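Shown next, in structure tokens, is the structure this report addresses.
The values are calculated or read from the model by the stated rules, or taken from the named source; none is laboratory data. These figures come from a predicted structure and were not determined experimentally. Every residue, glycine as well, gets a Cβ built from its backbone with ideal geometry; the counts of neighbours run over all protein chains shown. We work out accessible area using only protein heavy atoms, side chains counted, and drop any ligands, DNA or RNA first. Shrake-Rupley method; radii C 1.70, N 1.55, O 1.52, S 1.80 Å.
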Amino acid sequence: MIKPSASDSKPKPASAPHAALLLDWYDQARRVLPWRALPHEQADPYRVWLSEVMLQQTTVQAVKPYFETFLRLFPTVESLASAPTEQVMSAWAGLGYYSRARNLHACAKQVSTQYQGEFPRDYNSLKALPGIGDYTASAIMAIAFDERAVVVDGNVERVITRLFRIEQPLPLSKPAIKQRAEQLTPHERSGDYAQAMMDLGATLCTPRSPSCFLCPVRGHCAGNKSGDEATFPRKLPKKSRETRYGAAFMCLRADGAVLLRTRPDKGLLGGMSEIPTTHWDAEATDPTKDTAHAPLELNWQQVLPPVRHVFTHFPLVLRVYIAQAPLGTEAPEGMRFTPRQALSGEALPTIMVKAIALGLDNL
DNA sequence: AAAGCGTGGTA
DNA sequence: TTACCAAGCTT
């Protein structure tokens with residue numbers, strides 16, 4: 001991070017004591033991450049943006065290999081902008097929340113054309129870009145540009161609700177958390193502070209059994225004082241969702257090609273590839289009527305047991321059917337036969353990888 | 001503004 | 001096995 005020298009910086013309000021403690025801790029405990037600049041290195045806005053989008057609701061462990069792949073395939077925002085959509089979706093396949101990939105691509109195009117390939121150093125301009133919300137805009141301001149920004153993510157919410165024992169449940173407590181975060185955020189070392197809060201949440205102030213004995217701000221923590229820190233943040237109970245059911249059809253042509261199609265851009269698994277499926281309904285549909293919805297009239301055989309998969313908002317039980325099609329079979333309107341060798345280049349979400357693997361195993 | 005939107009790991 | 005959790009955004 002580049003720090004302004006003492007001579008040219010105006011007097012700033014004194015930081016909360018907590019910030020200095022946190023920054024000292026960060027200097028010796030910071031994690032080394034592929035997208036993170038080393039001390040005294042300047043952060044790269046492209047890497048910061050790419051990693052922040054990938055990390056939305058996603059674990060560091062899951063992101064690491066995808067981040068490396070993207071950086072190799074698309075070393076610059078310009079190269080990402082000029083890549084075909086299918087390549088971007090395919091590279092993102094398996095990471096989840098696929099609207100992020102569409103927005104990522106759209107954002108790269110916009111940065112290339114509207115900002116000559118340089119991310120704007122301005123919160124409002126950043127937040128106006130697709131896929132960049134309050135958190136991500138603030139994180140880019142702080143981490144990439146070392147500008148003061150109040151960065152509140154899930155880690156910060158956990159740390160702050162524990163520090164102040166905020167009894168109000170999330171998401172109702174978001175405004176109160178933001179207000180506390182605003183008060184705590186220092187005017188210096190913005191990027192380090194933001195990452196320090198996230199490292200604290202990720203390594204010590206963890207959801208279950210936090211390691212308070214190692215915490216640099218233990219002495220300022222109301223939660224630790226009363227010993228119930230692990231019960232924060234309070235959360236509104238989640239509503240459980242009904243299981244949905246559907247059928248999917250895995251058609252293997254004699255030359256080894258698999259019948260695929262692309263889902264609509266919007267909605268669940270938007271823009272991703274799939275083997276043809278029925279709608280996924282909450283009512284337990286009649287399995288004997290499944291093959292009436294098959295894309296081709298073939299000798300369909302059900303593979304047991306069905307594929308089970310859990311989405312964010314509902315569990316799915318997918319009955320998979322397999323059939324072989326003779327050489328020369330043409331794909332129905334809107335579908336295509338993809339050679340088995342080319343499957344890895346398809347944008348297949350995990351549920352479809354499961355279904356196709358099951359089908360191939362049983363053919 | 002409440003709901004939609006993936007996946008893999010862990011207790 | 002079930003339930004919860006992980007650096008949120010969009011409509």
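Scanning region A:58-95 for residues that are within 12 Å of the chain's Cα centre (by Cα) and touching a residue at least 60 places away in the same chain (Cβ under 8 Å), we see that the one that is least open to solvent (accessible area, probe 1.4 Å) is A:TRP92. Within region A:242-266, the only residue that satisfies the criterion of being within 10 Å of DNA strand C (Cβ to nearest atom) and under 22 Å from the mean Cα position of the chain (by Cα) is A:LYS266. Filtering A:LEU104, A:LEU172, A:LEU163 for residues that are over 20 Å from the mean Cα position of the chain (by Cα), touching a residue at least 12 places away in the same chain (Cβ under 8 Å) and within 13 Å of DNA strand B (Cβ to nearest atom) leaves a single hit, A:LEU172. For A:ARG165, the conditions (1) open to solvent by less than 10 Å² (accessible area, probe 1.4 Å); (2) at positive phi are fulfilled apart from (1). Test A:HIS18 against the stated conditions and say whether it is in a loop (DSSP other than H, G, I, E, B) and modelled with pLDDT under 95. It is false that A:HIS18 is in a loop (DSSP other than H, G, I, E, B) and modelled with pLDDT under 95. Going residue by residue through region A:236-249, is there one that turns out to be within 13 Å of DNA strand B (Cβ to nearest atom), of a type in the set (Gly, Ala, Ser), at pLDDT below 95 and farther than 29 Å from A:GLN87 by Cβ? Among the residues of region A:236-249, at least one is within 13 Å of DNA strand B (Cβ to nearest atom), of a type in the set (Gly, Ala, Ser), at pLDDT below 95 and farther than 29 Å from A:GLN87 by Cβ, which makes the answer yes. Reported count of residues in region A:225-241, each being open to solvent by 50 Å² or more (accessible area, probe 1.4 Å), touching a residue at least 24 places away in the same chain (Cβ under 8 Å) and not in a loop (DSSP other than H, G, I, E, B), is 2.
Put simply, of A:ARG31, A:ARG36 the only residue that is open to solvent by 40 Å² or more (accessible area, probe 1.4 Å) and within 14 Å of A:ALA194 (Cα to Cα) is A:ARG31.
Note on region A:87-107: residues that are within 18 Å of A:THR350 (Cβ to Cβ) and either in contact with a Cys (Cβ under 9 Å, 6 or more places away or on another chain) or more than 9 Å from DNA strand C (Cβ to nearest atom) (or both) amount to 11.
Taking region A:301-328 as the region of interest, how many residues are open to solvent by 30 Å² or more (accessible area, probe 1.4 Å) and either more than 16 Å from DNA strand C (Cβ to nearest atom) or not in a strand (DSSP E or B) (or both)? So the answer is 8. If you take the residues of region A:107-140 that are among the hydroxyl-bearing types (Ser, Thr, Tyr) and open to solvent by 60 Å² or more (accessible area, probe 1.4 Å), which of them is nearest to DNA strand B (Cβ to nearest atom)? It comes out as A:TYR123. The test for being β-branched (Val, Ile, Thr) and within 11 Å of DNA strand B (Cβ to nearest atom) does not hold for A:THR69. Restricting attention to region A:329-363, the residues that are surrounded by fewer than 17 Cβ atoms within 10 Å (Cβ to Cβ) and in a loop (DSSP other than H, G, I, E, B) add up to 7. Taken over region A:274-310, the criterion of being within 16 Å of A:VAL258 (Cα to Cα) and among the β-branched types (Val, Ile, Thr) is satisfied by A:ILE275, A:THR277. Picking from residues in region A:282-298 that are open to solvent by 70 Å² or more (accessible area, probe 1.4 Å) and either of a type in the set (A, V, I, L, M) or within 14 Å of A:GLY359 (Cβ to Cβ) (or both), the one that is nearest to DNA strand C (Cβ to nearest atom) is A:ALA284.
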